[in-house]
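What follows is a set of notes on a single structure, which appears directly below.
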Amino acid sequence: MTDMICHVPRHGVVAVGNGRDFAAHALSTWTRTSVAAGALATGSVRAHVEVLRRISGNPGRAFLGGRLTAGDGALTRIDVGVSAFDAGGCEDAPTFPGALWSSPLIVGLPTEFAAAVVAGLTAGSPLPPGLLTVDQAAFDFMCPSEPMFERAAAVLGAAIAGFEPEKAVRVVVSGW
């Protein structure tokens, strides 16, 4: 379920939701890192984001979902679940419709996009301390790209960490 669709003219469209398991996928491995944490948060929050950006008429899309379990340390641990296939080897992967475009998304995070997810999560404002687990992912078979996953990760980080999610999402999308 999408809770908010945010359109930023000339930049893109983002759907943000409560993180239901739309794109939970079989995980082959994890990419893990830790970064300095920002403001404290309490409890646990789950969110998902889908981003759409038209580039030369082609829709660039990516979907990510995850959970932040708040902690009290000085670090945020980031765990990104990676699929066992690359973008070219996804013939048997399941699909789901997504919220922003008519063609379905391929469920999974291809190995070549894991670093882009970490880069997007760590590029913006510091995340709250705790554990951020990215365990949902999907991509557009026609135009999979590292920049789209990096953008989706930046929006996911803003949505999970932001106390005003729409404002945080608009700031991130305006920077594209």
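Here are a few things to note about the model shown:
- By the combined test of axial Cα extent (at least 18 Å) and Kyte-Doolittle hydropathy (mean at least 0.0), the qualifying DSSP H helices of the chain come to 146-161.
- Accessible area of the chain divided out per residue, in Å², using a probe of 1.4 angstrom: 46
The values are calculated or read from the model by the stated rules, or taken from the named source; none is laboratory data. Quantities reported herein were computed from a predicted structural model and do not represent experimental measurements. Side chains are part of the model used for accessible areas, which takes the heavy atoms of the whole protein and leaves out ligands, DNA and RNA. Shrake-Rupley method; radii C 1.70, N 1.55, O 1.52, S 1.80 Å.
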